[in-house]
Amino acid sequence: MSDFNGQKDGFYENNRDFSYDENKSYLKISFERIAFIFFIFFVIAIIFSSKVVLLSLQIKPEIKKVYKKKNFRSSIIDKDGNILAKSVPIINLGINPNLVINKEKLLISLKMLFPEKNFKKKIYGKKFFYVKKKIQPEKLDQILLLGDKSFIQEDSIARVYPNGNLFSHVIGQIDNNNNGISGLEKTFDYELRTSREPLKVTLDTDLQYLIREELIKSEIIFNNIGSAAILMDINNGNILSLVSLPDFDLNERKKISDSKFINRATKGVYEFGSVFKTFALAAGLNYKIVKTDTEFKDLKKKITCGRNTISEYDDKIPSDLTAEEILIRSGNIGSVRIAQKVGIENYEKFLILIGILTNINFDIQEVGRTQLGKWGKCKLATVAFGHGIATTLLQIAKGYSIISNGGFEVNPSLVHYENKIKKKRILDQNLSSSINPILRKIVSTKEGTAGFADVKGYSVGGKTGTADQPEKGGYSKKKVNTFASVFPTSNPKFVLTVMLDEPKANKEFVYHYRDGRNPYKGNWRNTSGWTTVWIAGQIIEKIGPILATKY
């Protein structure tokens, strides 16, 4: 019994030990499996959670991208390397209405982001439309957070103009296909497309800004409808500034069809009046037909030619004058007498030489053509004092440069060329030494008509021009006032031509004299001496220090 019990007890004890060991091993294996599975699920959860967070922060992959291929255009820079035009990458954002899930909800979101726009009609249509071209990064981020798959992001290249309006008439515009359609953008379209080198121009941004500011002021003072100014190096033809107002913002890329936006400096064709009297005397001096001291006696106050009457603009002009005095006092009849001595053949040849009767091969295509008609004795008489002939301010600038720089040919240019054509004298070498002192006296003496341009230290010379604008059957009371100036007359470096289109006399404006005289309030005379000359004087006063230090 005891043996049985002993065996039984032994068996029990052995089985109990075995059973315990087996159960312990089973529990250990089950725990490890559960821990492993839990770890796998934990890792997967972390991965998916990270993905969700990532997607919530960056929804860009949900928006369809379209890459629109457009030709790159190289930059345009001024003479100092400042960027005037540049191609930059941009993003245009549009919507495909067919992919919109909740149109009402999207409309509410768009209204909050673009309160100035109404997308309702387009959203309920079927055609793709742009929400915003050249969208700002901040606004794009706000759009992307909406997470709507109907948005289409278009990566493209845009042309930007950092100075907005400042060079609009010179640089010109491009169309939606990136093709140049005006100005330098058009003329040099091929070069801008194919070269990675920037197109360098002769313009000076600082000078352009200052001159434009003074022309803008003229609109306030004289209520003119437009204006223009050209500043050119008298010896090489480099144009440092070319301004025409009104102008426009190149970044808006609008279709300009209104004639008021014409380039008045190069395209507009005008009768400029008395600035032509300088050409009449210069022609006589060039061909040695008259001298500066040649006397013209018994000058009448009125003459007739055919059915037309030519009158002296001021009855106080003496009847006996020298050739020099005729130009200083801006005499009409005296200028006719000088031109009659020169003759049609010589005067026509002279105007061709200085570029008045020839088309200028210029760097932009917006250039007007001289309108003259048929030569004859009456045409000779009227052209002598600037009527019966219409030309451009650019040609006036060229003409004054040639007669003042020693008689050397000058070709105006906007683009910087490394190799300039060798200077060629086309007029008598003594002409400038005779004409420049007379131009100076027009500004510096009380008999002259341009006293307001006498800026101390710059030895300014020039000639005024006041002309009635032609209309059907005759002339209107609308004026074109011009001042063509050269400085310094002792050693000419620059020509500045300024024109105001339809200025009005300002009886309330206070003129401040530079020589210390008491200010003069108001003036009823709508002549260049009281309008354009004042503006030109203000311009020279502002730009003079820059010219003195940089050129």
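The values are calculated or read from the model by the stated rules, or taken from the named source; none is laboratory data. Computed from a predicted model, the values in this text were never measured in an experiment. Counting neighbours? That spans all protein chains shown, and the Cβs are built from the backbone with ideal geometry, glycine included.
Summed over the range 433-448, residues that are over 23 Å from residue 407 (Cβ atoms) and surrounded by fewer than 24 Cβ atoms within 10 Å (Cβ to Cβ) total 4.
When restricted to residues that are of a type in the set (Gly, Ala, Ser) and not assigned by TED's automatic domain parsing to the domain that holds residue 419, the range 193-243 contains 1. Among the residues of the range 433-455, at least one is within 27 Å of the chain's Cα centre (by Cα) and under 22 Å from residue 332 (Cβ atoms).
Evaluation of residue 208 against the conditions (1) touching a helix residue (DSSP H, G or I) at 6+ places or on another chain (Cβ under 7 Å); (2) within 22 Å of residue 412 (Cβ to Cβ) shows that the sole unmet condition is (1). Just so you know, in the range 240-282 the residues that are in a strand (DSSP E or B) and within 13 Å of the chain's Cα centre (by Cα) include one that is farthest from residue 359 (Cα to Cα), and it is 245. Being modelled with pLDDT of 95 or more and in contact with a helix residue (DSSP H, G or I) (Cβ under 8 Å, 6 or more places away or on another chain) is a condition met by at least one residue of the range 468-480. Of the residues making up the range 295-313, not a single one is assigned to a helix (DSSP H, G or I) and within 21 Å of residue 482 (Cβ to Cβ).
Among 326, 356, which is assigned to a loop (DSSP other than H, G, I, E, B) and in the same structural domain as residue 390 (by TED's automatic domain parsing)? Spell out the reasoning first.
Details: 326 fails: assigned to a loop (DSSP other than H, G, I, E, B).
The match here is 356.
Any residue at all in the range 391-401 that's touching a helix residue (DSSP H, G or I) at 6+ places or on another chain (Cβ under 8 Å) and part of a loop (DSSP other than H, G, I, E, B)? No: the range 391-401 contains no residue that is touching a helix residue (DSSP H, G or I) at 6+ places or on another chain (Cβ under 8 Å) and part of a loop (DSSP other than H, G, I, E, B).
For the range 431-456, a residue qualifies if it is outside any helix (DSSP H, G or I) and without any contact (Cβ under 8 Å) to a residue 40 or more places away in the chain, and exactly one does: 446. Screening residue 222 against (1) closer than 18 Å to residue 79 by Cα; (2) crowded, with 18+ Cβ neighbours inside 10 Å leaves a single unmet condition, (1).
If residue 184 satisfies all but one of (1) buried (at least 16 other Cβ atoms within 10 Å of the Cβ); (2) not assigned by TED's automatic domain parsing to the domain that holds residue 156, what's the number of the condition it fails? Every listed condition holds for residue 184 apart from (2).
Being among the β-branched types (Val, Ile, Thr) and at pLDDT below 95 is the requirement here; does residue 360 meet it? Can you show your working first?
Numbers: among the β-branched types (Val, Ile, Thr): yes; at pLDDT below 95: yes.
Against the criterion (among the β-branched types (Val, Ile, Thr) and at pLDDT below 95), residue 360 qualifies.
Scanning the range 187-208 for residues that are surrounded by 16 or more Cβ atoms within 10 Å (Cβ to Cβ) and hydroxyl-bearing (Ser, Thr, Tyr), we see that the one that is farthest from residue 536 (Cα to Cα) is 187.
Is there any pair with a first residue in the range 180-202 that is on the phi > 0 side of the Ramachandran plot and a second that is assigned to a helix (DSSP H, G or I) and at pLDDT 95 or above whose Cβ atoms are under 7 Å apart and which are 6 or more apart or on different chains, and what are they? Once the first residue is on the phi > 0 side of the Ramachandran plot and sits in the range 180-202, its partners that are assigned to a helix (DSSP H, G or I) and at pLDDT 95 or above give 183/169; 183/170; 183/171.
Out of curiosity, is residue 333 crowded, with 22+ Cβ neighbours inside 10 Å, of a type in the set (A, V, I, L, M) and part of a helix (DSSP H, G or I)? Lay out the reasoning, then the answer.
Numbers: crowded, with 22+ Cβ neighbours inside 10 Å: yes; of a type in the set (A, V, I, L, M): yes; part of a helix (DSSP H, G or I): yes.
Yes, satisfied.
Only residues that are on the phi > 0 side of the Ramachandran plot, touching a Pro at 6+ places or on another chain (Cβ under 8 Å) and surrounded by fewer than 16 Cβ atoms within 10 Å (Cβ to Cβ) were counted across the range 449-495, and they come to 0. Contact annotation: residue pairs with Cβ atoms under 6 Å, 6 or more positions apart or on different chains, pairing a residue in the range 367-381 that is of a type in the set (Val, Ile, Thr) with a partner that is outside any loop (DSSP other than H, G, I, E, B), are 370/391.
None of 155, 148, 141 is more than 25 Å from residue 256 (Cβ to Cβ), out of contact with any Pro (no Cβ under 6 Å at 6 or more places or on another chain), in contact (Cβ under 8 Å) with a residue 40 or more places away in the chain and not in a loop (DSSP other than H, G, I, E, B) except 155.
Total residues in the range 257-301 satisfying the condition of being surrounded by fewer than 24 Cβ atoms within 10 Å (Cβ to Cβ), in contact with a His (Cβ under 9 Å, 6 or more places away or on another chain) and aromatic (Phe, Trp, Tyr): the figure is 1.
In the range 380-390, of all residues being surrounded by fewer than 24 Cβ atoms within 10 Å (Cβ to Cβ) and of a type in the set (Val, Ile, Thr), the one that is farthest from the chain's Cα centre (by Cα) corresponds to 382. Here residue 252 qualifies as outside the structural domain of residue 181 (by TED's automatic domain parsing), over 17 Å from residue 482 (Cβ atoms) and among the charged types (D, E, K, R).
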